[in-house]
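K.L.:
The structure follows.
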Amino acid sequence: MANKFSGARSLRVFISRFGGVSAVGFLSYIGEYSAYYVVWLFISDKLVVNFGLGTFGYLVAGTLNSAYLVVPGIVAVPIGHLSDKYGRRRFAVLGCLLGVFGLSLLVVGNGLTDKTQFWIVMGASLCALGTGHGMYTASTLAYTGDIAGKHDVMGKSYGLIEGAEFAGYAFGPFLGTSIAVLYSRVLTFEVSAFMLLVAAGIAFVSMPEIRETIATHVHAQQVLAPESATSVLSHLEEPDNEHFHGATWSDYLAAFKAPIINVSLLTTFVGSVAYSGFYYYVPAFASKLQSTAFGLPAGDLASIMALTAVILMVPFGHLEDKGRRRMPYLAAGMIVSGLSISFIGFAPSVLGFVVSSLTFGTSIAVVRVSQLVLLAENCNPSNRAAIMGTNHAVEHAGYGMASIIVGALVAFLGFAGAFRGLSLILLAAGLAFLLYAMNKKVR
């Protein structure tokens, strides 16, 4: 298929197709995560100080925070299926509006002095935020695959949407806490709500639904290979009509008959454990060394890593579009992540921390784009949003397990030993995925 995004018109055409959905991804994520840490501190402050629970309030706040992290993963799969059935735009818009509702409840909750009312408002707020997150994540990722498959630009398009969402996730907390410190936490909630409201408007305008010109998709009993999936998508009309197809749960379950789907989801879990372990524990290790050995820009390490990943995602996606390779890159990225963490575990130094942050950010770009492209190419539109929702659920499970796995390694082996252990785990995983790709001839 000719690539419509090559030549002098490439940038303009590419942005016209994917700029809107990427803006939705960026605004929804930075809006949500700008409020994320402020919400946790807000709830803790209310419970510990205003309601007099003492240190027990931190346990309650931590439990609520854990529930908030779990909810998006739980709802992403059924929401993804509904998005397959009724359309991407509807659920992207609804998810953003739910986020606005949840953040508005935080503004209300800030002034509450009654415990019962506070619990009700916080419960409703966190449920709305978590459900909305699952909605706009599954919908935007599926919509990207729907359009990208028609024009044979899976790598660049997923590099753009993943880079946009990753940037919001990585840098949103800095924006939100800065606003809260300089002004007030209420303003943080209001700014976040406004960003999600703008995202809802952009989704409504720039994510027109797709309708098939044929009656049904290739159904659940037949899982599409990448080439046949592109062939089916080539018969779709331009995205200016009503979304329609008879997505069923059988469509969703059929996707797992393709081993590559299951393997890709496994790489998502391992990669999420690695990312979360780096993002939270490497700065903590650097901070510990700062007081005992040498000065370190501890707070900047996670930002260096995240910025490197964001910058490289689109260029790497372009490389994947040209080379048509997915799993070998993914496995190589996993190996690089293990090597990058070994710089810290085996020889912690200022240079080692910086080099590790840069190389780990590079590996994150390679791994995350490859994962999404593999999933998108090996499912069809009748189950794409549900599969993306499943991927998001696995991602959240990895984030949760990272706290347990890396925390246990630190407890028993110390920081340096923990990173040595994590690096060996990632190296082994990368080699296993590479051997799988070579044995199954997976590109």
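K.L.:
Among the residues of region 425-434, is there at least one that is surrounded by 23 or more Cβ atoms within 10 Å (Cβ to Cβ), in a helix (DSSP H, G or I) and of a type in the set (Val, Ile, Thr)?
P.N.:
No, region 425-434 has no match at all.
K.L.:
Which residues, counting only those in region 156-194, are among the polar types (S, T, N, Q) and either without any contact (Cβ under 8 Å) to a residue 40 or more places away in the chain or touching a Pro at 6+ places or on another chain (Cβ under 8 Å) (or both)?
P.N.:
From region 156-194, those among the polar types (S, T, N, Q) are 157, 177-178, 184, 188, 192; that's our starting set.
178, 184, listed by residue number.
K.L.:
Looking at 144, 140, can you tell me which residue is touching a Phe, Trp or Tyr at 6+ places or on another chain (Cβ under 9 Å) and closer than 25 Å to residue 366 by Cα? I'd like the intermediate steps shown before the answer.
P.N.:
Values: 140 fails: touching a Phe, Trp or Tyr at 6+ places or on another chain (Cβ under 9 Å).
144 is the lone residue from the list that is touching a Phe, Trp or Tyr at 6+ places or on another chain (Cβ under 9 Å) and closer than 25 Å to residue 366 by Cα.
K.L.:
State which residue is nearest to the chain's Cα centre (by Cα) when the search covers only region 320-331 and only residues that are closer than 14 Å to residue 368 by Cα and assigned to a helix (DSSP H, G or I).
P.N.:
330
K.L.:
In the set 373, 366, 355, which member is surrounded by fewer than 23 Cβ atoms within 10 Å (Cβ to Cβ) and either at pLDDT 85 or above or in contact with a helix residue (DSSP H, G or I) (Cβ under 9 Å, 6 or more places away or on another chain) (or both)? Step through it out loud before you land on a result.
P.N.:
Values: 373 fails: surrounded by fewer than 23 Cβ atoms within 10 Å (Cβ to Cβ); 366 fails: surrounded by fewer than 23 Cβ atoms within 10 Å (Cβ to Cβ).
Exactly one of 373, 366, 355 is surrounded by fewer than 23 Cβ atoms within 10 Å (Cβ to Cβ) and either at pLDDT 85 or above or in contact with a helix residue (DSSP H, G or I) (Cβ under 9 Å, 6 or more places away or on another chain) (or both), namely 355.
K.L.:
Let me ask something else. For residues in region 135-187 being buried (at least 24 other Cβ atoms within 10 Å of the Cβ) and of a type in the set (S, T, N, Q), which is nearest to residue 394 (Cα to Cα)?
P.N.:
This residue is 137.
The values are calculated or read from the model by the stated rules, or taken from the named source; none is laboratory data. Keep in mind the model is a prediction, meaning the values are calculated, not measured. Please note: Cβ atoms are built from the backbone with ideal geometry, for glycine as well, and neighbour counts cover all protein chains shown.
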